[in-house]
Amino acid sequence: MKKNKLNILFLILIDVLAYYTTLTFAFLTRKALSFLSVDILKFSFDYIHFLKLWWIPLVFLLFIGYEKLYTRRFPFWDEVKQILKAVTLATLVIFAIVSLGKITNQISRLTIIFIWLYGIFIFPIFRLYGKKLLFKAGLWQKPLIIIGAGETGIKTAEGLLQDTHTGYEIIGFLDDFKTQDIRVKDKTFPILGKINDFDKLNLDIDTVVVAIPSMEKDKLTHLINHFHTKVSRVFIIPDLQGVSLLNSELYHLFMQQLFMIRINNNLKSKLNQELKRAFDLVVSVAMLPVLLPVMAIIAIIIKLDSKGNIFFIQERLGKNGRIFYCYKFRTMYENNEEILNKYLKENPKAKQEWDKYKKLRGYDPRITRIGRFLRKTSLDELPQIFNVLKGDMSLVGPRPYLPREIDDMGEYKDIILMSLPGITGLWQVSGRNELEFRDRLKLDTWYVLNWSLWLDIVILFKTIKVVLKREGAY
């Protein structure tokens, strides 16, 4: 309990520091835009006046607390979403108080707007590094046991290890059929005993994950109910892997002790389609001043490096199966098909790799010198911004498949082709060319069925990380 209180106090302190950092940036920006007096003493006086307004940071803390960000442990991107909601609501309330209270002569509304603009970035960043400090201090870890060491239990462990922001520390597994240690990624976890041995464990555990979806219903119910008497929180992993639950809603049938899951397909909504399109246009137009000079330099280098066109234009499958022309920088020699066929005939292993991945992940004789660099950095895909502006593609979406791949897409085809293809997508931030063709299809299907604007924003940020680290690029 003492550890939890320290965590809460530290997180409150982090949020207070985030607010005053945000305020400082907002005030400096407001002053930089002002063509009036730049008197340092006046600036100091105004800033000190803002510091005395203790109720403003309190509003932020109240909304952050209302979103349960001091008492619950969220995965990083879920927490960011909650923080953005809290910061936005707090800003609206402060704006309303300032306007309705007629104190605009004391508080600049433009400064409040800048507080929001900086806050949606600074609050999550402070939270991220604040929790890392807590983790290093040994305060953020919360011990957890996974019940079931089968495939579901191992995948659960992989997920928890991948997102350490929650702070859950896996102590081990309980399983009725396994006794050997379990290897997950680069860590080894012990089998602490059978499931019924939990009560005998002399460990301070207040969280368990029940990851045995195949267990008989009555036994599973009894097991979960038993854990509720022993620990503070119980997580259950149901047998619903692959089902689109990201946009789902829960309905309770109390008398029958049942619940229904309503699964929404957001991309079926015309309003959501227009929202996605508007987001694509705003972000694309904002990026053009930066991208156009870069693209001009790349075009000159391509022309100097090898003979042929600057752009590679290829037919791809668009929304509803419509064929469109996809733009990329040329990264291959002009006679690349001839080079590929000859290489595959002479190299059976390369032929097997091509059949499996539809890519040559190692040496590819078709690629030019500058082409290797462009592919490694994903700069060859920059011209697709024009496909986005034309409406053929989206910034985020399924992979733009080739017309010849339509039969290979099988049962996934109809769902994937419901959406515009994307410059980036879930497939690109989940392994890119390391994935087999069928795995890409599954990821694209999951993306379409679980679409939300927030998911697009998360994927765009993850793409930046993947591109910088050159993960899965060939």
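The values are calculated or read from the model by the stated rules, or taken from the named source; none is laboratory data. A quick note: this is a predicted structure, and the numbers were derived from the prediction, not measured. Glycine gets a Cβ as well: all are built from the backbone with ideal geometry, and neighbour counts include every protein chain shown. Heads up: the accessible areas ignore ligands, DNA and RNA and are worked out on the full protein's heavy atoms, side chains in. Shrake-Rupley method; radii C 1.70, N 1.55, O 1.52, S 1.80 Å.
Some observations on this one:
- Of all accessible heavy-atom area on the stretch 191-302, the percent that carbon and sulfur account for (1.4 Å): 62 percent
- Of the beta bridges in the chain, as assigned by DSSP with both residues counted there, near 50 percent are antiparallel.
- Residue ranking by accessible heavy-atom surface, 1.4 Å probe, largest first, among Asp199, Asp439 comes out as Asp199, Asp439.
- Take the Cβ atoms of Leu292 and Leu253, set R0 to 60 Å, and the FRET efficiency comes out at 0.60.
- Here the calculated FRET efficiency for Asn202 and Leu139, from their Cβ-Cβ distance with R0 = 22 Å, stands at 0.45, rounded to the nearest 0.05.
- Average silhouette area of the stretch 272-351, convex hull of alpha-carbon atoms, in square nanometres: 8.3 nm²
- Label-to-label distance, nm, for residues given as Glu334 and Leu220 (7 Å Cα→Cβ offset): 6.2 nm
- Accessible surface comparison of Leu291, Leu58, probe 1.4 Å, protein chains only, largest first: the order is Leu58, Leu291.
- With the whole protein complex present, Glu249 retains an accessible surface near 80 Å², based on a 1.4 Å probe.
- Computed with a 1.4 Å probe over protein heavy atoms only, the accessible surface of the chain comes to 57 Å² per residue.
- Restricting the trypsin sites (Lys or Arg not before Pro) of the stretch 86-155 to loop positions (DSSP other than H, G, I, E, B) with no more than 15 neighbouring Cβ atoms within 10 Å leaves Lys102.
- Share of carbon and sulfur in the accessible heavy-atom surface of the stretch 341-423 [1.4 Å probe, %]: 51 percent
- Here the stretch 43-143 is treated as a Stokes sphere of Kirkwood radius computed over C-alpha pairs; at 20 °C and 1.002 mPa s its diffusion coefficient rounds to 143 µm²/s.
- Taken as entire DSSP H runs, the helices of the chain that both span 24 Å or more between Cα atoms along their own long axis and average 0.0 or more on the Kyte-Doolittle scale are 2-33, 76-100, 109-136, 270-305, 453-469.
- Computed with a 1.4 Å probe over protein heavy atoms only, the accessible area of Lys268 comes to about 150 Å².
- Relative contact order, percent, the stretch 107-237 [alpha-carbon distance under 8 Å, six or more residues apart]: 23 percent
- Candidate values (i) 29.3, 101; (ii) 22.8, 74; (iii) 26.7, 80, label of the one derived for Rg and Dmax of the Cα atoms in Å: (iii)
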